[in-house]
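Participant: The structure's right below; bear with me while I get my questions together.
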Amino acid sequence: MNSSSHVIQLFSPLSHARLNEAGEKALHGKGRGTKERGFFGRVRYAPFFRAGWRVNSSRSENYGEAEFISARQIQSKGAPRAACRVGPERVKAMEENTAVAAGTAEVRSSEIEYSVKMTSISKSFEGVHALRDMHLEVRPGEIHALVGENGAGKSTLIRVLSGVYSPDSGEVAINGKPVTLSGPKDGILAGVSVIYQEFALVQHLSVAENILLDDFRNKSFVNWKDMYKLARESLQSLGFTDIDVRTRVRDLSVAYQQVVEICKALIRKASILVLDEPTAVMTTREVEQLFKLIVSLKEKGVSIIYISHRLDEIFQICDRVTVMKDGQYVNTVDTSAIDKHELVSMMIGRDLASYFPPRESDIGDVVLTAEHIRAGRAVKDISFSVREGEILGLAGLVGSGRTECVRAMLGIDRMDSGSVTLRDQRLRLKSTRDAYKHRIGLLPEDRKNQGVLLRLPIYQNITISCQKLIAKFGWIFKKREKAVVEQYIADLAIKTATYMNNVESLSGGNQQKVAIAKILAADSKVLFLDEPTRGVDVGAKIEIFKIINELVARKYAVVMISSEMEEIIGMCDRAVVIREGRSVGELQKAELTEINIIQYSMGVKSNVTENE
Ligand SMILES: Nc1ncnc2c1ncn2[C@@H]1O[C@H](COP(=O)(O)OP(=O)(O)OP(=O)(O)O)[C@@H](O)[C@H]1O
Ligand SMILES: [Mg+2]
């Protein structure tokens with residue numbers, strides 16, 4: 001990239017027409033500076049490949065990147081130069097950073113000691129220290145884990161590394177060279193690619209467009225055939241042949257969206273790849289595929305920073321691990337030198353005896369039965385029932401139709417056929433609200449869009465569904481409300497300065513805890529929990545399990561969807577395995593083993609007859 005090509009692109013007459021009103025907004029809109037822009041990115045629009053297309057990216061956590069893409073699009077489509085605000089100095093700075101990144105392809109491990117060196121990084125938000133004097137050193141070709149409790153500051157550190165936030169103080173050096181990253185674009189140009197905890201995909205665009213946004217940005221005419229082919233190939237290289245590259249991202253399950261994210265980062269050929277909880281919704285098979293890929297990248301000299309709350313994974317693939325607590329550096333150690341218990345005590349400052357708290361099962365009558373549920377393409381024939389005081393697991397691979405089945409049963413999506421019976425009453429639910437009336441609650445998989453109201457304070461989120469408990473005749477008893485909220489904040493260890501804070505100011509795991517508190521407060525008798533511990537740290541996971549155990553002890557019925565097999569085995573009384581939209585097996589507590597679940601979910605075994 002040189003500055004003259006910029007000028008040519010910027011003045012290309014073709015694109016003037018395409019710089020529509022919305023594009024103007026993206027360029028001139030609030031916060032379109034090079035510095036950190038408010039955390040709560042609003043809706044942004046920009047013209048896209050096709051005239052008249054609009055990109056609407058309201059993903060607040062990662063809007064930085066989405067915005068970068070749209071701004072690049074506008075540049076390449078030729079916005080008037082002034083509008084782009086890319087002065088010669090800026091272009092030079094970008095080129096310098098690019099040179100740093102490009103250099104890394106040739107850099108051999110021996111030439112530089114650290115590909116990432118972050119020194120004394122501090123960052124605070126309205127007086128709250130998210131990072132304090134934090135260090136991170138990552139070697140070339142290393143898989144480096146970053147661990148810590150929810151709210152420890154992992155994602156914030158990564159946002160500093162990728163240029164989304166500028167630190168209050170401290171230095172960042174990439175591939176041996178100090179850099180000043182003043183926006184997400186600088187991070188990408190410096191060779192840092194981040195797969196965020198919350199996705200940064202453009203929901204309205206197809207899989208292929210999302211993956212290849214960057215590569216096709218300088219082309220006036222898009223060769224769709226090439227684009228689809230490239231996208232398909234990159235997905236295939238990850239082992240995902242069943243994702244149609246033309247599908248719009250919003251129609252994909254969360255797990256598949258994650259795959260698209262990874263593809264997008266890989267295609268940029270980053271020298272430093274950061275994965276912020278990539279496996280939170282993946283099952284064993286997908287995780288294996290991802291790991292193979294990560295190891296092959298490592299062999300090519302790429303440095304990988306891996307954030308995960310699944311500690312087994314860290315021991316499986318990471319070379320070293322950096323532990324942080326309350327925004328501060330605790331230690332960096334070789335994973336081979338410690339065990340899981342030592343790591344946990346470094347993270348949370350105490351030992352954990354057992355991950356799954358013991359429970360006496362006292363199972364009663366059947367409460368809810370689902371029979372031959374069919375819905376759309378994903379759900380072909382699913383049947384199961386859950387009893388009072390029972391935790392029923394729905395196991396299966398990602399995309400097997402578990403989430404879709406529950407959504408159809410509760411009336412969120414259309415159910416084509418089948419029946420849902422609550423005790424003796426046949427239900428025809430139309431919405432989650434309808435379900436709540438029957439005291440059936442759902443913790444949705446997609447927390448960000450369905451689980452919590454990001455812009456409302458924590459307390460309102462928690463009490464929104466338990467108004468009966470805290471209000472009478474339209475009058476809210478503030479004291480009672482406060483007591484309920486404080487109890488949940490304490491029980492689930494939600495890390496926040498005050499319950500008046502908006503949910504979007506919380507770390508990923510803490511947002512999940514608010515979503516859980518909300519559904520628990522609603523006091524439903526039948527609970528559907530879709531990935532309840534997604535992104536939640538080990539200490540809090542145990543708290544959540546304890547609460548679930550208390551509920552079943554009080555005769556509540558729980559249906560739990562989890563991609564972590566360990567969780568299904570450790571928590572459930574019984575599990576139904578779903579494969580390709582059908583319930584293919586039922587496993588009693590004694591039969592709940594990893595090998596059994598895998599065999600059923602991959603089609604090696606089946607006891608389907610009972611459903612037919
Ligand atoms: N924009 C912001 N405004 C206010 N507080 C913020 C903001 N971003 C982060 N924080 C706070 O900084 C702290 C660290 O958050 P961060 O998201 O980095 O945690 P994390 O280690 O990634 O946690 P998790 O494992 O839950 O994802 C949290 O207490 C969070 O509430
Ligand atoms: Mg995080």
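The values are calculated or read from the model by the stated rules, or taken from the named source; none is laboratory data. Every value quoted in this text rests on a predicted model; they were computed, and no experiment measured them. Using ideal geometry, Cβ is built from the backbone for each residue, glycine included, and neighbour counts are taken over all protein chains shown.
Participant: Quick check on my filter: what residues within segment 479-510 are within 16 Å of ligand 2 (Cβ to nearest atom) and part of a helix (DSSP H, G or I)?
Facilitator: VAL503, GLU504, SER505, GLY508, GLY509, ASN510
Participant: Next up: Are there any pairs, at least 6 apart or on different chains, whose C-beta atoms fall under 8 Å, with the first in segment 438-463 and outside the structural domain of VAL559 (by TED's automatic domain parsing) and acidic (Asp, Glu) and the second crowded, with 23+ Cβ neighbours inside 10 Å and in a loop (DSSP other than H, G, I, E, B), and if so, which?
Facilitator: Going by the 8 Å Cβ cut-off, the qualifying pairs are GLU445/VAL281; GLU445/GLU531; GLU445/ARG534.
Participant: Something else about it: Please find, among ILE519, ILE561, the residue that is surrounded by 21 or more Cβ atoms within 10 Å (Cβ to Cβ), at pLDDT below 90 and either touching a strand residue (DSSP E or B) at 6+ places or on another chain (Cβ under 9 Å) or not hydrophobic (A, V, I, L, M, F, W, C) (or both). Explain how you work it out, then say what you get.
Facilitator: Values: ILE561 fails: at pLDDT below 90.
That would be ILE519, the only listed residue that is surrounded by 21 or more Cβ atoms within 10 Å (Cβ to Cβ), at pLDDT below 90 and either touching a strand residue (DSSP E or B) at 6+ places or on another chain (Cβ under 9 Å) or not hydrophobic (A, V, I, L, M, F, W, C) (or both).
Participant: For segment 364-453, which fully contained strands (runs of 3 or more DSSP E) count at least 3 residues that are closer than 21 Å to ILE516 by Cβ?
Facilitator: The strands (runs of 3 or more DSSP E) meeting that bar are 391-396, 440-443.
Participant: Using the structure shown, decide if ILE363 is surrounded by fewer than 17 Cβ atoms within 10 Å (Cβ to Cβ) and β-branched (Val, Ile, Thr).
Facilitator: yes
Participant: Hey, can you tell me all the residues within segment 323-338 that are assigned to a loop (DSSP other than H, G, I, E, B), in contact (Cβ under 8 Å) with a residue 24 or more places away in the chain and not small (Gly, Ala, Ser)?
Facilitator: Result: ASP326, single match.
Participant: Follow-up question, since we're still on this one. Of all the residues that make up segment 136-163, how many are of a type in the set (Gly, Ala, Ser) and either more than 8 Å from ligand 1 (Cβ to nearest atom) or more than 26 Å from PHE315 (Cβ to Cβ) (or both)?
Facilitator: Qualifying residue count for the region: 4.
Participant: I'd like to check something: does segment 343-363 contain any residue that is over 28 Å from the mean Cα position of the chain (by Cα) and without any contact (Cβ under 8 Å) to a residue 12 or more places away in the chain?
Facilitator: yes
Participant: Please state which of the following conditions SER505 fails to meet, knowing it meets all the rest: (1) under 26 Å from ALA557 (Cα atoms); (2) within 13 Å of ligand 1 (Cβ to nearest atom); (3) touching a residue at least 60 places away in the same chain (Cβ under 8 Å).
Facilitator: That leaves (1) as the condition not met.
Participant: Out of everything in segment 175-186 that is under 23 Å from CYS263 (Cβ atoms) and more than 16 Å from ligand 1 (Cβ to nearest atom), what residue ends up being surrounded by the most Cβ atoms within 10 Å (Cβ to Cβ)?
Facilitator: Here the residue is ASP186.
Participant: So which of VAL552, VAL538, VAL514, VAL558 is among the β-branched types (Val, Ile, Thr), more than 20 Å from VAL485 (Cα to Cα), within 16 Å of ligand 1 (Cβ to nearest atom) and touching a residue at least 12 places away in the same chain (Cβ under 8 Å)?
Facilitator: Step by step, each of VAL552, VAL538, VAL514, VAL558 is checked, and only VAL538 is among the β-branched types (Val, Ile, Thr), more than 20 Å from VAL485 (Cα to Cα), within 16 Å of ligand 1 (Cβ to nearest atom) and touching a residue at least 12 places away in the same chain (Cβ under 8 Å).
Participant: Moving to a separate point now. Out of the residues in segment 126-135 meeting the condition of being in a strand (DSSP E or B) and within 13 Å of ligand 1 (Cβ to nearest atom), tell me which one is surrounded by the most Cβ atoms within 10 Å (Cβ to Cβ).
Facilitator: Filtering first and then ranking leaves LEU131.
Participant: Can you tell me how many residues within segment 549-567 are closer than 23 Å to GLY151 by Cα and part of a helix (DSSP H, G or I)?
Facilitator: So the count comes out to 1.
Participant: Among the residues of segment 516-538, what is the count of those that are closer than 14 Å to TYR459 by Cβ and either within 16 Å of ligand 2 (Cβ to nearest atom) or of a type in the set (A, V, I, L, M) (or both)?
Facilitator: Count: 2.
Participant: Please go through segment 126-172 and pick out each residue that is within 14 Å of ligand 2 (Cβ to nearest atom), acidic (Asp, Glu) and more than 28 Å from PHE291 (Cβ to Cβ).
Facilitator: Scanning segment 126-172 gives no hits.
Participant: Go through segment 235-289 and give me each residue that's in a helix (DSSP H, G or I) and either touching a Pro at 6+ places or on another chain (Cβ under 9 Å) or of a type in the set (S, T, N, Q) (or both).
Facilitator: Answer for segment 235-289, where residues must be in a helix (DSSP H, G or I) and either touching a Pro at 6+ places or on another chain (Cβ under 9 Å) or of a type in the set (S, T, N, Q) (or both): GLN236, SER237, GLN257, GLN258, GLU261, ILE262, THR284, VAL287, GLN289.
Participant: Considering only segment 296-322, state which residues are out of contact with any Gly (no Cβ under 6 Å at 6 or more places or on another chain), closer than 18 Å to GLU137 by Cα and not in a loop (DSSP other than H, G, I, E, B).
Facilitator: Passing the criteria: SER303, ILE304, ILE305, TYR306, ILE307, ILE314, ILE317, ARG320, VAL321, THR322.
Participant: Could you run through segment 159-171 and say how many residues are in contact with a strand residue (DSSP E or B) (Cβ under 7 Å, 6 or more places away or on another chain) and either surrounded by 24 or more Cβ atoms within 10 Å (Cβ to Cβ) or not assigned by TED's automatic domain parsing to the domain that holds VAL323 (or both)?
Facilitator: Quick first cut of segment 159-171, residues in contact with a strand residue (DSSP E or B) (Cβ under 7 Å, 6 or more places away or on another chain) only: 160-162, 165, 167-171.
Those still in the list that are either surrounded by 24 or more Cβ atoms within 10 Å (Cβ to Cβ) or not assigned by TED's automatic domain parsing to the domain that holds VAL323 (or both) too: 160-162, 165.
The total comes to 4.
Participant: Still on this structure: Testing HIS372 on (1) touching a residue at least 12 places away in the same chain (Cβ under 8 Å); (2) farther than 23 Å from VAL584 by Cβ; (3) not small (Gly, Ala, Ser), one condition comes back false. Which one is that?
Facilitator: Only one criterion in (1) touching a residue at least 12 places away in the same chain (Cβ under 8 Å); (2) farther than 23 Å from VAL584 by Cβ; (3) not small (Gly, Ala, Ser) is unmet by HIS372, namely (2).
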